Amino acid sequence: MRIAVEGCMHGDLDNVYKTLQYMEQVQNIKIDLLLCCGDFQAVRNEYDLKSLNVPPKYRAMNSFWKYYSGAEIAPYPTIFIGGNHEASNYLWELYYGGWAAPNIYFLGVAGVVKFGNIRIGGLSGIYNARHYRLGHYERPPYNEDTIRSVYHVREYDVQKLMQVEEPIDIFLSHDWPVGITDYGNWKQLVKFKPFFEKEIQDRRLGSKAAAELLEKLKPPYWFSAHLHCKFAALVQHGEGGPLTKFLALDKCLPKRKFLQVIELEAEPGPYEIHYDEEWLAITRRFHEIFPSTAKNANYGNLKLQMQDCRQWVQSRLKERGAKPFEFVQTVPCYDPSRSVSNSPLAGCNRNPQTESLLKFLELPYLLDDISESGPSGSSIPFSDSGSFVNSEDIQIDDIDDGDEETAEPEDA
């Protein structure tokens with residue numbers, strides 16, 4: 001199986017797909033899957049641009065809308081995670097993952113899927129210490145604060161991934177695991193990006209959450225983007241332990257290193273994206289403690305029994321099958337001949353894919369719960385036999401360990 005990996009997409013699907021088709025022709029190969037490490041920018045119409053955290057002068061429709069409308073079909077199955085420049089209102093509809101367009105699958109805020117027998121996990125967003133322990137309190141339409149905080153990684157989603165026990169083959173994160181530069185040629189990196197040197201020395205370049213997941217999951221491959229450069233590292237987990245090949249890639253621009261093709265041993269195709277049984281069990285088990293307020297919680301004593309839930313999910317998948325629910329358009333698509341910028345598409349849309357998945361798992365829909373979602377909301381109602389405690393007294397670090405203004409100086 002040949003898998004292409006791309007760094008930051010920035011909505012430029014047309015050029016990425018054309019580049020892959022050119023590589024296939026020149027090298028006489030077949031690419032089976034494309035993975036994107038964030039800043040995908042799944043912008044469907046002008047309204048989505050309002051939830052994209054970039055200065056107005058840089059907001060552009062780019063090319064995703066053509067794939068959302070069906071005017072173009074992705075020539076390769078595509079799986080992506082979110083970064084810090086996203087149509088956050090749309091990705092929120094697909095919090096648990098789902099088809100963003102035909103043949104283009106969003107892995108979710110956190111998620112694991114199977115492609116053939118290859119297991120792919122990922123974590124969307126970037127790390128920010130101020131918001132890490134908070135719940136998902138942001139709801140569209142976003143204000144000047146929530147448009148920036150909505151894509152910050154939350155401990156809840158990291159803890160879900162920390163429950164994964166079965167081997168992950170490939171993991172995706174937008175920002176790099178903090179400390180990953182210790183395992184590669186960081187001196188060469190700072191020749192290209194000299195402003196990284198102090199952040200590397202201060203252990204601020206990267207995500208603490210991603211570093212924890214790297215240590216726990218130990219996947220053979222880990223891919224990232226965000227810093228707009230190519231950087232490779234090789235991590236050995238303990239003496240004689242497993243190896244992780246880490247690679248960060250650039251954004252899609254001429255003469256930039258934004259693509260890499262790897263080849264993995266896999267069962268014969270055809271290859272399809274399927275739900276992952278263990279991940280669905282984790283999702284079901286964690287749902288009752290979904291945090292929807294700006295209060296923070298302590299996950300330190302988390303112990304969840306998964307066996308019964310796993311068996312229940314296994315039985316349900318045998319009945320229905322493991323293919324994701326079908327793509328459904330939920331808003332009008334961009335039309336170059338007219339403007340929909342004044343369309344009253346505010347608030348949370350319920351995506352039928354998300355509703356179908358939750359119904360399949362026999363779970364309530366919580367993503368549009370805004371009754372206590374703001375900073376003054378009440379504490380998270382945890383009820384898992386005392387495993388979670390309300391932590392209003394925990395101090396939130398005032399130092400931003402992964403802010404985009406320092407980690408990504410190229411972007412205004």
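The values are calculated or read from the model by the stated rules, or taken from the named source; none is laboratory data. This one's a predicted model, so the numbers in the text were calculated from it and none came from an experiment. Don't worry about glycine lacking a Cβ; one is built from the backbone with ideal geometry, like all the others, and counts go over all protein chains shown. Calculation scope for accessible area: heavy atoms of the full protein, side chains included, ligands and nucleic acids excluded. Shrake-Rupley method; radii C 1.70, N 1.55, O 1.52, S 1.80 Å.
Things worth noting here:
- For segment 176-192, Karplus couplings with θ = phi - 60° (6.51, -1.76, 1.60), whole Hz, Gly/Pro x: 7, x, 4, x, 5, 5, 5, 9, x, 7, 5, 5, 5, 4, 6, 5, 7
- Residues 212, 326, 138, sorted by accessible area with the largest first, give 326, 212, 138 [1.4 Å probe; ligands and nucleic acids excluded].
- Dimensionless Rg ratio for the chain, taking C-alpha atoms and the 2.2 N^0.38 Å reference: 0.93
- Relative pair counts by distance (%), Cα atoms of segment 1-143, 10 Å bins: 11, 42, 34, 12, 2
- The chain: most fluctuating residue of 124, 356, 88 per GNM, C-alpha cutoff 10 Å: 356
- Listed residues 9, 1, 306 arranged by accessible area, highest first, probe 1.4 Å: 306, 1, 9
- The modelled label-to-label distance for the pair residue 326/residue 305, using points 7 Å beyond Cα in the direction of Cβ, is 4.0 nm.
- Gaussian network model of the chain, Cα within-10 Å springs - most flexible of 174, 228, 274: 274
- Rounded to the nearest 20 debye, dipole of the chain from Cβ charges on Lys, Arg, Asp, Glu: 760
- Calculated SAXS-style log₁₀ I(q)/I(0) at q = 0.09, 0.14, 0.15 Å⁻¹ - segment 103-219, Debye, Cα scatterers: -0.29, -0.68, -0.77
- Between 216, 66, 251, the residue with the greatest mean-square fluctuation in the GNM of the chain (Cα pairs under 10 Å linked by springs) is 216.
- Computed from backbone phi, the HN-Hα couplings of segment 84-96 come to 10, 10, 9, 6, 5, 5, 6, 5, 5, 4, 10, 3, 8 Hz, rounded to whole numbers (Karplus: 6.51 cos²θ - 1.76 cosθ + 1.60, θ = phi - 60°; Gly and Pro given as x).
- Segment 46-114, relative contact order [Cα under 8 Å, separation at least 6], %: 33
- DSSP beta bridge pairing in segment 60-119, given as percent antiparallel to the nearest 5: 60
- Most simply put, segment 1-160 has about 45% antiparallel DSSP beta bridges, counting only bridges with both residues inside it.
- Beta bridges from DSSP with both residues in the chain: antiparallel share about 55 percent, rounded to the nearest 5.
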